[in-house]
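The values are calculated or read from the model by the stated rules, or taken from the named source; none is laboratory data. All figures in this text were calculated on a predicted structure; none of them were measured in a lab. When we count neighbours, we look across all protein chains shown, and the Cβ atoms used for this are built from the backbone with ideal geometry, even at glycine. Ligands, DNA and RNA are excluded from the accessible area calculation, which covers all protein heavy atoms including side chains. Shrake-Rupley method; radii C 1.70, N 1.55, O 1.52, S 1.80 Å.
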Amino acid sequence: MNPKYIAAIPEVAILLGLLVMFAVNLIRKSNTPKTFFTLSKITLFVALLGTIIFYNQSWYPTVFENIPYTSLFKSIIYLLTLAWAYLSCKWFLNKNIPSFSYYSLILLAVLCMSLAISSLNLWALFICLQGAFLLNWFLIRIGDDEEEKKQKAANRFLGFALLFALLFVGGCIILQMRVGGLEYADIYSHYSRAAKLNWVDYAAAGMILATMIFMLGLVPFHFWYIDVIGVSVLPVSGFLSIIPLFAYIACITDVVLNVFFPIWGTFKPVILIFGIMSVGFGVIGANAEQNMRRLFGFSSLYHLGIIILCLSAFDDNSVLSSFIYMLVYVLAMSGIYTGFFGMRSKGVYLSELGSVSGFSETRSYISAAFLVFLISLISTPPLLGFLGKVSVVNNLVIHGDYEIILFVLLAVLMLAYAYLKVIKALYFDERTNSFDRVDKGVYICLTVNLILVLISILNPKYLMNDVEAMLVTIF
């Protein structure tokens with residue numbers, strides 16, 4: 001076998017895992033949620049191992065290239081999906097709902113995201129990234145609770161997703177006609193010749209970038225994300241809130257730096273406006289919500305806005321700072337969603353603030369962990385969130401964006417008020433529900449998450465130095 005094809009082990013492992021899952025679902029009639037979790041676990045572990053071993057080898061280097069930058073993002077996605085698949089199994093066991101659709105869909109989405117991160121061609125990027133995004137339509141429809149709301153939300157999502165997919169295709173067609181091909185290097189060279197550009201070239205870039213911003217869910221394209229997480233089942237809501245973010249940011253960074261960077265100055269003011277609106281709308285929406293998933297959905301808009309504001313310069317320091325903040329956010333948000341698995345009464349997973357009042361009386365460990373993650377999200381020292389916010393502020397100072405720093409710091413005070421509502425419900429309101437016994441797996445995941453936060457606080461050089469060496473390979 002040609003050695004370069006061995007580097008395809010991660011993608012081949014996921015494809016084989018999907019085929020085995022389909023065969024098991026077709027042939028075996030006594031499947032449980034654990035059956036498909038076990039198959040997913042093995043598949044993701046092999047994919048992760050292959051990515052780590054062949055971190056800088058590519059099986060199809062003219063279309064998909066693996067470098068330390070891409071391997072870093074892919075490894076994180078595999079790890080997060082593995083952890084989330086484990087937690088999701090608890091939900092399916094409790095609900096006694098078949099899990100084949102869920103596990104096959106997230107594996108297929110992870111495969112598409114993995115290929116999208118490594119893409120060197122816009123058509124390949126479109127097929128892989130848009131494929132992963134459209135799979136959300138199937139994920140949203142999993143489960144039978146709130147069926148009417150879910151169907152309406154899924155259909156709205158599909159309509160807008162297809163509309164923006166057409167926008168991306170339109171941009172690709174224009175560039176195909178103007179450049180003659182859609183390889184990143186060729187398009188970059190085309191945009192470097194400023195004298196030959198016209199409004200059509202800028203329109204094509206805008207169509208592609210707008211689609212990617214829509215996928216990320218920044219304001220004014222946030223409606224699909226808030227709509228979806230409010231009606232999706234807990235495993236789907238958590239998956240969409242935590243894992244795709246790394247793929248979208250990795251692809252946006254790659255496309256801007258290696259395709260549209262010569263004309264990025266034209267689009268930077270627009271992306272800054274999107275980032276500022278996301279920060280503002282995020283804190284306003286979070287304060288207006290009583291549903292915790294939607295509250296943290298709006299909170300995610302705030303954090304996404306900060307990531308984009310930091311990333312907008314697209315230099316080495318911006319990429320590092322935004323990555324650190326993103327990793328801190330995902331660790332904290334993973335802890336929050338893990339806590340949601342412990343908030344259950346009479347078999348129902350609770351999401352309204354009023355339904356979890358007095359939760360700390362009977363579930364003190366989960367409430368304490370929840371408090372740690374909330375404090376980290378508002379960047380209070382000495383928790384990990386403070387490291388992320390300092391990194392972002394330092395980057396903004398370097399670029400002289402003092403007005404943005406002031407705006408972000410004022411906004412976090414408003415976000416803290418929204419989090420105080422959660423703390424008040426958990427710790428100070430009178431208990432109105434009896435809460436079910438919590439699976440030990442939830443405690444294990446919370447403990448691991450807290451340990452990761454503690455290690456990062458005590459030895460942040462892994463984020464500040466070691467990760468930087470991998471991120472700079474994108475330049």
Extreme residue, nearest to S318 (Cα to Cα), among residues of segment 364-388 that are surrounded by fewer than 23 Cβ atoms within 10 Å (Cβ to Cβ) and not aliphatic (A, V, I, L, M): F386
What tally of residues in segment 185-206 results from selecting those that are without any contact (Cβ under 8 Å) to a residue 40 or more places away in the chain and closer than 20 Å to I474 by Cα? 3
Complete set of residues in segment 82-106 that are within 30 Å of I474 (Cα to Cα) and surrounded by fewer than 24 Cβ atoms within 10 Å (Cβ to Cβ): L82, A83, W84, L105, I106
Which residue out of I423, I457, I405 is modelled with pLDDT under 85, open to solvent by less than 70 Å² (accessible area, probe 1.4 Å) and part of a helix (DSSP H, G or I)? I457
Across segment 43-74, what is the total count of residues that are part of a helix (DSSP H, G or I) and either surrounded by 19 or more Cβ atoms within 10 Å (Cβ to Cβ) or among the hydrophobic types (A, V, I, L, M, F, W, C) (or both)? 17
Of the conditions (1) modelled with pLDDT of 90 or more; (2) touching a Pro at 6+ places or on another chain (Cβ under 6 Å), L387 fails just one. Which one is it? (1)
Single residue of segment 75-97 satisfying the filter (in a helix (DSSP H, G or I) and among the polar types (S, T, N, Q)) that is nearest to L471 (Cα to Cα): S75
Tell me, yes or no, whether segment 44-59 has at least one residue that is within 25 Å of R141 (Cα to Cα), touching a residue at least 24 places away in the same chain (Cβ under 8 Å) and out of contact with any strand residue (DSSP E or B) (no Cβ under 7 Å at 6 or more places or on another chain). yes
Can you tell me which of (1) among the aromatic types (F, W, Y); (2) under 30 Å from V472 (Cβ atoms); (3) at pLDDT below 95 is the one F36 doesn't meet? (2)
Can you tell me which of (1) at positive phi; (2) part of a helix (DSSP H, G or I); (3) not charged (D, E, K, R) is the one S379 doesn't meet? (2)
Which residue pairs have Cβ atoms under 7 Å apart, sit 6 or more places apart or on different chains, and have a first residue in segment 281-297 that is acidic (D, E) and a second that is buried (at least 20 other Cβ atoms within 10 Å of the Cβ) and part of a helix (DSSP H, G or I)? E289/L295; E289/F298
Take segment 421-456 and flag every residue that is free of Cβ contacts under 8 Å to residues at least 12 places away in the same chain, more than 21 Å from K90 (Cβ to Cβ) and within 25 Å of the chain's Cα centre (by Cα). L454, I455
Given the conditions (1) under 13 Å from the mean Cα position of the chain (by Cα); (2) open to solvent by less than 10 Å² (accessible area, probe 1.4 Å), every one holds for I324 apart from (1)
Residue by residue through segment 275-290, note down the ones that are open to solvent by 40 Å² or more (accessible area, probe 1.4 Å) and within 20 Å of the chain's Cα centre (by Cα). I276, M277, F281
Failed condition for K4, given (1) open to solvent by 60 Å² or more (accessible area, probe 1.4 Å); (2) basic (K, R); (3) more than 25 Å from F126 (Cα to Cα), with all others met? (3)
Do we find a residue being open to solvent by 40 Å² or more (accessible area, probe 1.4 Å) and hydroxyl-bearing (S, T, Y) anywhere in segment 174-190? yes
From the option list S101, S40, single residue qualifying as of a type in the set (G, A, S), in contact with a Leu (Cβ under 8 Å, 6 or more places away or on another chain) and not in a loop (DSSP other than H, G, I, E, B) is S40
